[in-house]
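The values are calculated or read from the model by the stated rules, or taken from the named source; none is laboratory data. Quick caveat, the model's predicted, so the values are computed rather than measured. Cβ coordinates were reconstructed from backbone atoms using ideal geometry, including for glycine residues, and neighbour counts include every protein chain displayed. Just the protein is used for accessible areas: all its heavy atoms, side chains included, with ligands, DNA and RNA removed. Shrake-Rupley method; radii C 1.70, N 1.55, O 1.52, S 1.80 Å.
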Amino acid sequence: MTAAPAPAAPEAPEGAASFRILPLERFEGESEPVKRPREFACFSYDENHQFHLGDRSLKWYYDPRVGADLSKGFDQFVKHDDSIDEHLDSLLETIANHEKETGKAIDANLITWRGMMTKLMAAPYENRDGFEMNATLYQGCIFIEEDHSSKQASRRQEHRPARGKGPTQEMMQFWGYKFETLCTMPAPWGDTSREFIEGRENHTVNNKEQYCSVVRTGIGKTTICLGGEVDCIWDYKPKTPGAPIKWVELKTSAAIRSERDEDAFERKLLKFWIQSFLLGVPKIIIGFRSYDGKLLSTQEFETESIPATVQRRARPYSKWDSNVCVNFANAFLEWLRETITEGGVWRIRRLPKSQHIEAFKFEEAGHGDIITENFTNWRTKLSLGRSAEKSTEPAEMS
């Protein structure tokens, strides 16, 4: 059987709202204020990708063996089926559970996955692929998800047979998951057996299991709630809510052997930095690999020092400015909040190589599948409860 064709993308109406990306000079200068990301909730997917509140899938870091073969076990890879559109469901369930514990709705102007904010913050320097997102306004907050059909079309494009004899896209993605398996343990070092640690190269790679952090952060005047996967932790989670956590982001990259490789790596650091910056991950550990997937070395990068390192070392072609990314995101989010001021379902779109991001409504009513019925039912119940509390308060004496 052939797969059903993806639904046609909605056409932008004439006069759709448009945000201009260039010239970047207007975003230069001192960075807009950024609120430190603070985790207020978390959830996990288990080895079968079943949702659970809490940190059951949290991993701890432990150095991998240099020389390990990142291709080993590719034929046994237990891969998550991302053809299923999961929307914001797990994030919203986690938020609702937190609100039930606190008795009040979270304070946010925007709720989305970390990946969506990464695409937006990288937009000044990344224009090759474009993006498509769906958004809706509910109770004064904009909820944004990736458009699933566009995402799947992009994946099919990525996985086309490569020219030449280089590794496939699937293999390089596996190398990243293999590196995570080589670097992590399900418990602190003192509670993990030597047999487990030394046997990690033989463990089956399974990317269905994830720990996801839910944080409150903000850029300029926009308060943001983000959910995103965290690879592992350096030591322990503090008991104090909102305290900084020593998360570790794990990445792989080709070994640097030329100026061209150096340029490519400096450009790659842009997304590495944004992803960690948004969730408050202080450390990135990169595994440098050979062309055929052998782990050659590892190197630690402090997230906060990456922008200055790039400014100091990078050549003009690969240089980027973190302040431009932050100021661009601030201006774009303010524009978006002025644009999406009523219900319905909106499309946020940047076409490949375009210098504009457009926003337009393509469904006049409802929220599509962006917000779950369980979430809206909960928020309605919360609002009714507050109204009832106010109605029972004694009148003030004049």
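Here S383 meets each of (1) small (G, A, S); (2) under 26 Å from the mean Cα position of the chain (by Cα); (3) open to solvent by 10 Å² or more (accessible area, probe 1.4 Å) with one exception, condition (2). Scanning segment 338-353 for residues that are open to solvent by 30 Å² or more (accessible area, probe 1.4 Å) and more than 11 Å from L137 (Cα to Cα) yields a total of 4. The set of residues from segment 179-208 being within 14 Å of C232 (Cα to Cα) and open to solvent by less than 60 Å² (accessible area, probe 1.4 Å) comprises F179, E180, T181, L182, C183, T184, M185, A187, P188, N207. If the condition is being hydrophobic (A, V, I, L, M, F, W, C) and farther than 20 Å from E99 by Cβ, then segment 200-228 contributes V205, I219. Scanning segment 287-320 for residues that are out of contact with any helix residue (DSSP H, G or I) (no Cβ under 7 Å at 6 or more places or on another chain), modelled with pLDDT of 95 or more, surrounded by 14 or more Cβ atoms within 10 Å (Cβ to Cβ) and under 24 Å from R36 (Cβ atoms) gives a single hit, F301.
Filtered by the rule that a residue be more than 15 Å from the chain's Cα centre (by Cα), touching a residue at least 60 places away in the same chain (Cβ under 8 Å) and open to solvent by 10 Å² or more (accessible area, probe 1.4 Å), segment 272-286 gives no residues.
Please verify whether V248 is surrounded by 15 or more Cβ atoms within 10 Å (Cβ to Cβ), modelled with pLDDT of 95 or more, among the aliphatic types (A, V, I, L, M) and in contact with a helix residue (DSSP H, G or I) (Cβ under 7 Å, 6 or more places away or on another chain), treating the condition exactly as stated. Don't jump to the end; show me each part of the working.
Working: surrounded by 15 or more Cβ atoms within 10 Å (Cβ to Cβ): yes; modelled with pLDDT of 95 or more: yes; among the aliphatic types (A, V, I, L, M): yes; in contact with a helix residue (DSSP H, G or I) (Cβ under 7 Å, 6 or more places away or on another chain): no.
Considered against the rule, which asks whether it is surrounded by 15 or more Cβ atoms within 10 Å (Cβ to Cβ), modelled with pLDDT of 95 or more, among the aliphatic types (A, V, I, L, M) and in contact with a helix residue (DSSP H, G or I) (Cβ under 7 Å, 6 or more places away or on another chain), V248 comes out as no.
For P394, the criteria (1) open to solvent by 40 Å² or more (accessible area, probe 1.4 Å); (2) within 23 Å of F272 (Cβ to Cβ); (3) modelled with pLDDT under 95 hold in every case but one, which is (2).
Does F265 qualify as being closer than 18 Å to A122 by Cβ, among the hydrophobic types (A, V, I, L, M, F, W, C) and open to solvent by 40 Å² or more (accessible area, probe 1.4 Å)? Break it down stepwise before answering.
On the way: closer than 18 Å to A122 by Cβ: yes; among the hydrophobic types (A, V, I, L, M, F, W, C): yes; open to solvent by 40 Å² or more (accessible area, probe 1.4 Å): no.
Against the criterion (closer than 18 Å to A122 by Cβ, among the hydrophobic types (A, V, I, L, M, F, W, C) and open to solvent by 40 Å² or more (accessible area, probe 1.4 Å)), F265 does not qualify.
If you check every pair at least six apart or on different chains, which have Cβ atoms under 8 Å apart with a residue in segment 89-114 that is in contact (Cβ under 8 Å) with a residue 60 or more places away in the chain first and a residue that is hydrophobic (A, V, I, L, M, F, W, C) and assigned to a loop (DSSP other than H, G, I, E, B) second? Cβ pairs passing all conditions: L92/I371; I95/I106; H98/I106; E99/A105; E99/I106; I111/L88; T112/L88; W113/L88. A Cβ distance below 8 Å, combined with a sequence gap of six or more or placement on separate chains, defines the contacts here; from segment 39-53, residues that are within 18 Å of W247 (Cα to Cα) and of a type in the set (K, R) reach no residue that is modelled with pLDDT under 95 and surrounded by fewer than 21 Cβ atoms within 10 Å (Cβ to Cβ). Only strands (runs of 3 or more DSSP E) whose full extent lies in segment 57-156 are considered here, and the ones with at least 3 residues that are open to solvent by 20 Å² or more (accessible area, probe 1.4 Å) are 131-138.
Would you check if there is a residue in segment 161-184 being closer than 28 Å to A12 by Cβ, out of contact with any Pro (no Cβ under 8 Å at 6 or more places or on another chain) and not in a helix (DSSP H, G or I)? Give the derivation first.
Step one: filter segment 161-184 for residues closer than 28 Å to A12 by Cβ, giving none.
The answer is no; no qualifying residue exists.
Taken over segment 45-87, the criterion of being of a type in the set (D, E) and under 15 Å from N207 (Cα atoms) is satisfied by D46, E47, D75, D81, D82.
Given the condition in a loop (DSSP other than H, G, I, E, B) and in contact (Cβ under 8 Å) with a residue 24 or more places away in the chain, answer yes or no: does some residue in segment 263-271 qualify?
Taking segment 263-271 first, the residues in a loop (DSSP other than H, G, I, E, B) are none.
So far as segment 263-271 goes, no, none of its residues is in a loop (DSSP other than H, G, I, E, B) and in contact (Cβ under 8 Å) with a residue 24 or more places away in the chain.
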